[in-house]
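Have a look at the structure below, then the notes.
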């Protein structure tokens, strides 16, 4: 009797050891696929990947698993079945390590309400700055300030603070409608800020409002149709009126002698999207046109935003391509509402895809960064990456993400373990001696 019990115990122990071995092997196979990854260590200079793609569901966050400085931040609303509005992806400065932000709000766009510091080590979002090396975040000294542009040394951040109560629109919806917009310069080292100016709240367009001069001593900002150049101490240097708009955070030319404006011309029978964008360089002292660099019109785009300048003197722009058969939109679209409400011309509903292009004075353009349609609809690139001009072959995420893969592996492992137990139990029953048949 005792020997029979001992044999039974040994058989049960063997069953569980076999099942455990199967689980261990399967989990061990999963680890190389990414269930356990440490912080990426940069081994190469900062560079721009030539393509990105939708991050996997469950990709590690910038705070739980920081991967270091980023080259690109981008967003789109439909990466996963559950949607991805308000979530942005950052891509490593020297490799394709992907990390996700926490949900930042329903609709916050890369390059408009979320911008990378010049060296890519920090990401400024509404009311917050996140250190991508440490994974820590600090509140902006301006409560709920919307970031517009970084100073070249990364010490100062231009932010706009809105007072925007909800107001009913003609279609019955209620959206934030600004009654006041104030431009501040936030000193991130001292956690202080200084008011620069009150802006016309009806004409502030995040991403097109402020640009720092290359030497960091001046900035240009726009209120309605007036562009002001001021020192960082707040002293006005010059002021002029224009029918255009500041072209983006990269509006100053590299030599600091020109300021780039963008304007839209609705025209052109035969174009699939009957509007064209023009980048033009003016003298920051008086707004008079400069002869160089002369950049040709850009057709077929919902919007153009100037990110910076390549080492070859090309304008590096975020180019937003329209959904088919949409109406033409522009700076006047829903101009009375707050950009964060995203009823404006860069709204994801208008955009099919976004690319980063380098546009030369002679008219030639080349694609620096792209993604499959609907996988990158807003984007920002770190200033130093643009100025450095280094590129690399991008390796967008493929296959199952690490979190989903891990879940699948665990389920399969448990199923295999259960199958082993059931089979061993069945074999034991078949081998058991049978009593006499009555």
Restricting the range 117-133 to residues that are over 25 Å from residue 349 (Cβ atoms) and touching a helix residue (DSSP H, G or I) at 6+ places or on another chain (Cβ under 9 Å), the one surrounded by the fewest Cβ atoms within 10 Å (Cβ to Cβ) turns out to be 119
Sole miss for residue 164 among (1) crowded, with 23+ Cβ neighbours inside 10 Å; (2) modelled with pLDDT under 95 is condition (1)
Lone qualifier among 183, 140 - being over 20 Å from the mean Cα position of the chain (by Cα), crowded, with 17+ Cβ neighbours inside 10 Å and under 25 Å from residue 307 (Cβ atoms): 183
Residues that are part of a loop (DSSP other than H, G, I, E, B), surrounded by fewer than 22 Cβ atoms within 10 Å (Cβ to Cβ) and in contact with a strand residue (DSSP E or B) (Cβ under 6 Å, 6 or more places away or on another chain), drawn from the range 193-204: 200, 201
Filtering the range 154-167 for residues that are part of a loop (DSSP other than H, G, I, E, B) and touching a strand residue (DSSP E or B) at 6+ places or on another chain (Cβ under 6 Å) leaves a count of 1
Matching residues in the range 338-350 - criterion: being assigned to a loop (DSSP other than H, G, I, E, B), touching a strand residue (DSSP E or B) at 6+ places or on another chain (Cβ under 6 Å) and over 19 Å from residue 73 (Cβ atoms): 338, 345
Select, from 143, 170, 178, the only residue that is within 21 Å of residue 334 (Cβ to Cβ), free of Cβ contacts under 8 Å to residues at least 60 places away in the same chain and part of a loop (DSSP other than H, G, I, E, B). 170
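Rundown of residues vs (1) buried (at least 23 other Cβ atoms within 10 Å of the Cβ); (2) touching a residue at least 60 places away in the same chain (Cβ under 8 Å); (3) part of a loop (DSSP other than H, G, I, E, B), yes/no style:
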{"residue": "67", "(1), (2), (3)": "yes, yes, yes"}
{"residue": "72", "(1), (2), (3)": "yes, yes, no"}
{"residue": "99", "(1), (2), (3)": "yes, no, no"}
{"residue": "102", "(1), (2), (3)": "no, no, yes"}
Residue 190 - would you say it is farther than 21 Å from residue 111 by Cα, at pLDDT 90 or above and surrounded by fewer than 19 Cβ atoms within 10 Å (Cβ to Cβ)? yes
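To keep it simple, each residue is scored yes or no on (1) more than 28 Å from the chain's Cα centre (by Cα); (2) farther than 15 Å from residue 307 by Cα.
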residue: 244; (1), (2): no, yes
residue: 253; (1), (2): no, no
residue: 257; (1), (2): yes, yes
residue: 261; (1), (2): no, no
Where residue 151 falls short, out of the listed (1) out of contact with any strand residue (DSSP E or B) (no Cβ under 9 Å at 6 or more places or on another chain); (2) buried (at least 17 other Cβ atoms within 10 Å of the Cβ): (1)
Heads up, the strands (runs of 3 or more DSSP E) in the range 275-337 (entirely inside) with at least 3 residues that are surrounded by fewer than 18 Cβ atoms within 10 Å (Cβ to Cβ), free of Cβ contacts under 8 Å to residues at least 40 places away in the same chain and in contact with a strand residue (DSSP E or B) (Cβ under 9 Å, 6 or more places away or on another chain) are none
Taking the options 243, 263, name whichever one is assigned to a strand (DSSP E or B), out of contact with any helix residue (DSSP H, G or I) (no Cβ under 7 Å at 6 or more places or on another chain) and closer than 17 Å to residue 209 by Cα. 263
Of (1) touching a helix residue (DSSP H, G or I) at 6+ places or on another chain (Cβ under 9 Å); (2) over 24 Å from residue 224 (Cβ atoms); (3) at pLDDT 95 or above, residue 326 fails just (3)
Touching a residue at least 40 places away in the same chain (Cβ under 8 Å), assigned to a loop (DSSP other than H, G, I, E, B), surrounded by fewer than 17 Cβ atoms within 10 Å (Cβ to Cβ) and touching a strand residue (DSSP E or B) at 6+ places or on another chain (Cβ under 7 Å): is that true of residue 207 in this structure? no
So, in the range 74-84, how many residues would count as being touching a residue at least 60 places away in the same chain (Cβ under 8 Å) and surrounded by fewer than 21 Cβ atoms within 10 Å (Cβ to Cβ)? 2
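The values are calculated or read from the model by the stated rules, or taken from the named source; none is laboratory data. These numbers come from a predicted model, not from an experiment. Please note: Cβ atoms are built from the backbone with ideal geometry, for glycine as well, and neighbour counts cover all protein chains shown.
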